[in-house]
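Below: the structure, in structure tokens.
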Amino acid sequence: MKKAFVITLCGIIGSAVFALATTANASAGSQYVWINSGTARAGYVGIVHPRRPRVRAAALRVLVGPPRLPASAIRGAITTATCPGNPPGAVCGTVDVPLDRSHPKAATIAIFFELFTHSNPGPAQSAILVNWGGPGVATTDPGDAANALQLFGSNLDSHDLLLIDDRGRGYSGTINCVALQHGTEPFAKAAADCASQLGAADSFYGTGDVALDTETVRKTLGYDKVDYYGASAGGGDVTAYATRFGSHLRSIVLDAPVGAPGLVNNFVNRRQDTHSEPRMIALVCAYSPTCRHDHPNPFGELDWLIRHIRANPIEGLAFDANGNLVRANVDETNLLAYLVHNPTGQFVSTGELLAAAESLHKGDPAPLLRLEAEAYSPIGGDFGDPTVFSMGAEAATGCSDSVFPWQWSVPTGQRLEQYAENVAMLPRDYFEPFSIPAATGFAYNNALYCVWWQHPTPPAPVVLPGAVYPRVPTLVLSGDMDDVVPLEEVGPDAALFPESALVTVAEAGHITVGWSTCAANLVAQFVETRHVGSTSCVRTPQVVFPAVGRFSLFAKDASPAVIDPTGHNQLRLYDRKVVTVAVAAAVDALQRSTIGSGSDHCLRAGWFTTVYGATSQTSTLNNCYFTSDVGVTGLVRWRSDNSFEADLAVHGEGTVGGILHVAGTWRAPGPVGYFKVTGTIGGLNVALLVPEA
């Protein structure tokens with residue numbers, strides 16, 4: 001259940017905003033679109049990045065068969081339908097199933113599917129099933145369908161691609177609870193109203209029923225074998241199907257999966273999460289040469305921050321990522337839920353937290369308050385079109401699947417009392433290094449919102465009692481930077497599948513194919529051959545996330561830039577520190593532009609505005625101060641090939657002033673390089689190097 005709300009309420013709604021990084025420069029946050037090539041059988045899957053909106057039409061050409069149902073399909077049981085977005089080569093339809101299987105002759109629900117058939121002659125080897133998770137996400141949404149085409153395009157010569165909207169979402173009887181969907185009421189009331197709206201049906205949307213629906217669609221279309229890819233909560237779909245209908249599986253791929261171990265005990269689940277968070281903060285710092293140099297003891301520093309904030313919460317004004325001045329409050333609960341945890345999906349707080357802690361230790365709370373203002377994500381909000389993402393389906397499935405420490409038969413108030421009683425029985429160090437109140441409150445344990453759900457009838461469980469996991473070739477992927485379904489949770493799930501291989505992907509976040517070309521290629525190769533092959537490429541991060549070594553209050557306290565041996569540098573130590581600070585101001589603005597609107601204030605003073613173009617984005621810095629005594633004014637350009645270029649005028653009390661040109665790459669694939677800095681400070685030549693991450 002945790003996964004349902006964490007994915008949604010932290011803004012990572014299924015696959016609708018994750019990057020399928022199967023080209024060298026795809027970035028987290030990309031979305032894929034189908035571009036018609038003018039024929040009935042071929043098209044291009046292009047990449048659209050939300051911060052650098054463009055379409056790379058040559059990303060991958062996908063050849064599919066003509067739009068047709070398999071010859072083995074039971075046509076009388078299928079109602080044809082229009083496909084969302086009308087992609088070439090697709091055929092869509094619905095298959096009726098009982099809404100309540102205990103009353104199979106009563107109400108039905110039409111399960112919607114989209115099918116892309118193979119291009120080779122003869123029958124398909126299998127149908128590849130894809131579910132991106134959520135729950136609540138429409139599998140057949142054009143963006144998500146294009147994700148699947150991009151991932152499995154190379155397999156469509158001999159395999160079909162079958163996308164099924166789980167019940168309650170997409171076009172399979174969409175649940176539309178208006179207040180919950182659009183945030184027009186307090187979340188607790190909206191959740192309770194949604195359960196009342198569904199009535200006895202609010203427990204008919206569990207993943208067990210989804211598996212039964214999937215089997216009905218498979219049989220109706222006439223496939224004997226399927227390859228099943230499940231990401232995030234989609235891993236639950238795969239588990240429920242595999243433990244019921246394993247004989248029809250050709251292969252299984254689980255990517256950051258939510259499985260049975262993550263659903264049976266809310267406290268164990270949370271404990272794994274809190275134990276994983278410090279590891280990920282240390283990893284980001286270790287990957288970054290800037291952070292690694294200044295923080296040799298990341299676990300000790302984080303422990304100090306947690307203990308200090310627990311005893312001494314801080315509060316103050318700071319700007320959020322959209323330039324709004326807000327009151328930020330950092331107590332231990334908010335520290336865990338919004339800073340240690342990574343709600344933005346961009347690892348900004350993860351990479352800056354240790355440096356912000358060091359500043360706080362020195363009496364400067366500004367960096368930490370800014371992180372809190374940027375990361376705070378209140379529960380609720382407007383989730384838009386319910387056929388793309390249904391918050392009602394998210395709640396209906398999540399609250400049906402999980403086991404909670406209360407009895408559903410008692411009123412809400414008593415459920416909360418039972419929850420508190422169970423919390424009080426936990427060992428004091430259960431969530432170390434965090435306290436029990438921080439880990440079990442609503443901010444971090446947001447599965448608690450199920451307390452308002454009705455749950456009037458027992459749902460179909462994800463895994464039946466005594467279930468047997470099938471002996472089917474199984475690839476399980478986990479990102480070492482995934483704090484939605486961390487490695488600590490994925491491991492026990494992988495162990496349940498007898499023929500599984502667990503592969504950890506370096507510096508990948510939630511859903512590894514969105515962060516790693518290597519992971520995406522492994523998945524397509526595995527479905528083709530049912531063998532994992534070499535995994536050496538996953539041990540090297542595709543992209544090293546930017547991190548910060550220190551938020552110096554004055555330039556004199558910064559790390560000096562390194563002398564470029566290929567140039568003629570005349571600057572001495574202090575002015576080399578000024579150069580580091582100037583570059584940091586430019587990168588800091590760029591970092592903020594990945595999580596906000598692009599118009600924001602700089603750390604100490606000044607502001608910046610970012611314009612997002614077709615192939616690049618340009619940030620204009622106006623008296624932008626990263627330290628209190630050195631400001632920069634100028635332009636920063638980040639292009640779609642990840643190249644970085646900045647022209648900066650340096651000024652302020654801490655410098656004699658000058659002009660700098662900075663060139664390099666940012667968030668580029670491959671090892672961390674250096675920004676090359678040239679120009680003059682105080683009339684002296686600059687030839688320096690600053691790490692790119």
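The values are calculated or read from the model by the stated rules, or taken from the named source; none is laboratory data. Keep in mind that what you see is a predicted model, and the values were worked out from it rather than measured. Here Cβ is always computed from backbone atoms with ideal geometry, including for glycine, and neighbour counts include all displayed protein chains.
If the Cβ limit is 8 Å and pairs must be 6+ apart or interchain, which residue in the stretch 125-143 that is in the same structural domain as PHE526 (by TED's automatic domain parsing) and without any contact (Cβ under 8 Å) to a residue 24 or more places away in the chain pairs with which residue that is of a type in the set (Phe, Trp, Tyr) and buried (at least 24 other Cβ atoms within 10 Å of the Cβ)?
Here the result reads none, with nothing in the stretch 125-143 linked to a residue that is of a type in the set (Phe, Trp, Tyr) and buried (at least 24 other Cβ atoms within 10 Å of the Cβ).
Inspect the stretch 393-413 for any residue being buried (at least 16 other Cβ atoms within 10 Å of the Cβ), more than 21 Å from VAL258 (Cβ to Cβ) and among the polar types (S, T, N, Q) and give the result as yes or no.
Looking for residues that are buried (at least 16 other Cβ atoms within 10 Å of the Cβ), more than 21 Å from VAL258 (Cβ to Cβ) and among the polar types (S, T, N, Q), one finds none in the stretch 393-413, hence no.
Any residue that is within 27 Å of the chain's Cα centre (by Cα) and either free of Cβ contacts under 8 Å to residues at least 40 places away in the same chain or assigned to a strand (DSSP E or B) (or both) - is there at least one of those in the stretch 94-104? Let's see the steps before the verdict.
First pass over the stretch 94-104, keeping only residues within 27 Å of the chain's Cα centre (by Cα): none.
No, the stretch 94-104 has no match at all.
Does the stretch 349-357 contain at least one residue that is modelled with pLDDT of 95 or more, more than 19 Å from the chain's Cα centre (by Cα) and not aliphatic (A, V, I, L, M)?
Among the residues of the stretch 349-357, not one is modelled with pLDDT of 95 or more, more than 19 Å from the chain's Cα centre (by Cα) and not aliphatic (A, V, I, L, M), which makes the answer no.
Looking at (1) within 20 Å of the chain's Cα centre (by Cα); (2) free of Cβ contacts under 8 Å to residues at least 40 places away in the same chain, can you tell me which one THR512 breaks?
Just one mismatch for THR512, condition (2).
Identify all residues within the stretch 601-627 that are more than 20 Å from HIS651 (Cα to Cα) and either at pLDDT 95 or above or in a strand (DSSP E or B) (or both); write none if there are none. Break it down into steps so the answer makes sense when it comes.
Residues of the stretch 601-627 that are more than 20 Å from HIS651 (Cα to Cα), as a first pass: 610-618.
Hits for the stretch 601-627 are THR610, VAL611, TYR612, SER616, GLN617, THR618.
From the list PRO437, PRO427, PRO378, which one is of a type outside the set (Asp, Glu), modelled with pLDDT of 95 or more and not in a helix (DSSP H, G or I)?
Working: PRO437 fails: not in a helix (DSSP H, G or I); PRO378 fails: modelled with pLDDT of 95 or more.
Within the list PRO437, PRO427, PRO378, the selection yields PRO427.
Can you pull out the residues in the stretch 611-633 that are in contact (Cβ under 8 Å) with a residue 40 or more places away in the chain, in contact with a strand residue (DSSP E or B) (Cβ under 7 Å, 6 or more places away or on another chain) and buried (at least 20 other Cβ atoms within 10 Å of the Cβ)?
Initial filter on the stretch 611-633 (in contact (Cβ under 8 Å) with a residue 40 or more places away in the chain): 612-617, 625-632.
Retained after the next criterion (residues that are in contact with a strand residue (DSSP E or B) (Cβ under 7 Å, 6 or more places away or on another chain)): 615-617, 625, 630-632.
Matches in the stretch 611-633: GLN617, TYR625, VAL630, GLY631, VAL632.
Restricting the search to the stretch 547-572, which residues are in a loop (DSSP other than H, G, I, E, B) and of a type in the set (A, V, I, L, M)? Spell out how you get there, then give the answer.
Quick first cut of the stretch 547-572, residues in a loop (DSSP other than H, G, I, E, B) only: 547-554, 558-561, 564-572.
Residues satisfying the conditions are ALA547, VAL548, LEU553, ALA558, ALA561, LEU571.
State the number of residues belonging to the stretch 533-556 that are farther than 14 Å from THR290 by Cα and in contact (Cβ under 8 Å) with a residue 24 or more places away in the chain.
The first filter runs over the stretch 533-556 and keeps only residues farther than 14 Å from THR290 by Cα, leaving 533-543, 553-556.
Filter once more, so that each one left must be in contact (Cβ under 8 Å) with a residue 24 or more places away in the chain: 535, 538-543, 553-556.
Summing the residues that are farther than 14 Å from THR290 by Cα and in contact (Cβ under 8 Å) with a residue 24 or more places away in the chain in the stretch 533-556 gives 11.
Only residues that are more than 22 Å from LEU368 (Cα to Cα) and part of a loop (DSSP other than H, G, I, E, B): list them for the stretch 573-600, please.
Applying the first criterion (more than 22 Å from LEU368 (Cα to Cα)) to the stretch 573-600 yields 573-579.
None - no residue of the stretch 573-600 is more than 22 Å from LEU368 (Cα to Cα) and part of a loop (DSSP other than H, G, I, E, B), so the list stays empty.
Mind checking which helices (runs of 4 or more DSSP H) fall wholly inside the stretch 172-259 and carry at least 1 residues that are more than 25 Å from THR82 (Cα to Cα) and not assigned by TED's automatic domain parsing to the domain that holds GLU488?
Working: elements: 178-182, 187-198, 207-221, 234-245.
Ranges flagged: 178-182, 187-198.
May I ask you to say which residue of ARG370, ARG415 is in a helix (DSSP H, G or I), at pLDDT below 95 and of a type in the set (Lys, Arg)? Let's see the steps before the verdict.
Working: ARG370 fails: at pLDDT below 95.
Unique residue meeting the criteria: ARG415.
Across the stretch 477-509, which residue is surrounded by the most Cβ atoms within 10 Å (Cβ to Cβ) among those that are in a strand (DSSP E or B) and either under 14 Å from the mean Cα position of the chain (by Cα) or modelled with pLDDT under 95 (or both)?
Going through the stretch 477-509, the residues in a strand (DSSP E or B) turn out to be 477-479, 500-505.
Subsequent filtering for residues that are either under 14 Å from the mean Cα position of the chain (by Cα) or modelled with pLDDT under 95 (or both) retains 478-479.
On the way: SER478: 27, GLY479: 29.
Looking at the filtered set, the residue picked out is GLY479.
Out of everything in the stretch 212-250 that is among the aliphatic types (A, V, I, L, M) and closer than 18 Å to LEU496 by Cα, what residue ends up being surrounded by the fewest Cβ atoms within 10 Å (Cβ to Cβ)? Before the answer, list the steps.
Of the stretch 212-250, the ones among the aliphatic types (A, V, I, L, M) are 212, 217, 221, 226, 231, 233, 238, 240, 242, 249.
Subset that is closer than 18 Å to LEU496 by Cα: 231, 233, 238, 240, 242, 249.
Details: ALA231: 33, ALA233: 34, VAL238: 28, ALA240: 28, ALA242: 26, LEU249: 21.
Here the answer is LEU249.
Regarding GLY173, is this residue of a type in the set (Gly, Ala, Ser) and under 16 Å from ALA110 (Cα atoms)? Spell out the reasoning first.
Values: of a type in the set (Gly, Ala, Ser): yes; under 16 Å from ALA110 (Cα atoms): yes.
Judged against the criteria, GLY173 is a match.
Give the residues of the stretch 634-656 that are in contact with a helix residue (DSSP H, G or I) (Cβ under 9 Å, 6 or more places away or on another chain) and buried (at least 17 other Cβ atoms within 10 Å of the Cβ), sorted by residue number.
GLY634, VAL636, TRP638, PHE644, ALA646, LEU648, VAL650, GLY652, GLY654, THR655
Checking the structure you have, find out if any residue of the stretch 268-288 is within 30 Å of VAL210 (Cα to Cα), without any contact (Cβ under 8 Å) to a residue 60 or more places away in the chain, assigned to a helix (DSSP H, G or I) and not small (Gly, Ala, Ser).
yes
Does THR139 count as at pLDDT 95 or above, out of contact with any Phe, Trp or Tyr (no Cβ under 7 Å at 6 or more places or on another chain) and of a type in the set (Ser, Thr, Tyr)? Show your work before the answer.
Numbers: at pLDDT 95 or above: yes; out of contact with any Phe, Trp or Tyr (no Cβ under 7 Å at 6 or more places or on another chain): no; of a type in the set (Ser, Thr, Tyr): yes.
Taking the combined requirement at face value, the residue does not satisfy it.
Go through the stretch 244-275 residue by residue and tally those that are more than 20 Å from the chain's Cα centre (by Cα) and over 12 Å from ASP493 (Cβ atoms).
Of the residues in the stretch 244-275, the ones more than 20 Å from the chain's Cα centre (by Cα) are 244-252, 260-261, 264-268, 271.
This time we only want the ones that are over 12 Å from ASP493 (Cβ atoms), so: 244-251, 265-268, 271.
Count: 13.
Specify which of the listed residues (ILE681, ILE659) is buried (at least 21 other Cβ atoms within 10 Å of the Cβ), assigned by TED's automatic domain parsing to the domain that holds ASN569 and more than 28 Å from the chain's Cα centre (by Cα). Full working, then the answer.
Working: ILE659 fails: buried (at least 21 other Cβ atoms within 10 Å of the Cβ).
Residue meeting the stated conditions: ILE681.
Taking GLU499 as the residue in question, decide whether it is under 30 Å from GLN418 (Cβ atoms), in contact (Cβ under 8 Å) with a residue 24 or more places away in the chain and assigned by TED's automatic domain parsing to the domain that holds ASP255.
Details: under 30 Å from GLN418 (Cβ atoms): no; in contact (Cβ under 8 Å) with a residue 24 or more places away in the chain: yes; assigned by TED's automatic domain parsing to the domain that holds ASP255: yes.
So GLU499 fails the test.
Taking the stated definitions as given, is ASN147 at pLDDT below 95 and in the same structural domain as PRO88 (by TED's automatic domain parsing)? Spell out how you get there, then give the answer.
Numbers: at pLDDT below 95: yes; in the same structural domain as PRO88 (by TED's automatic domain parsing): yes.
Yes: the conditions hold for ASN147.
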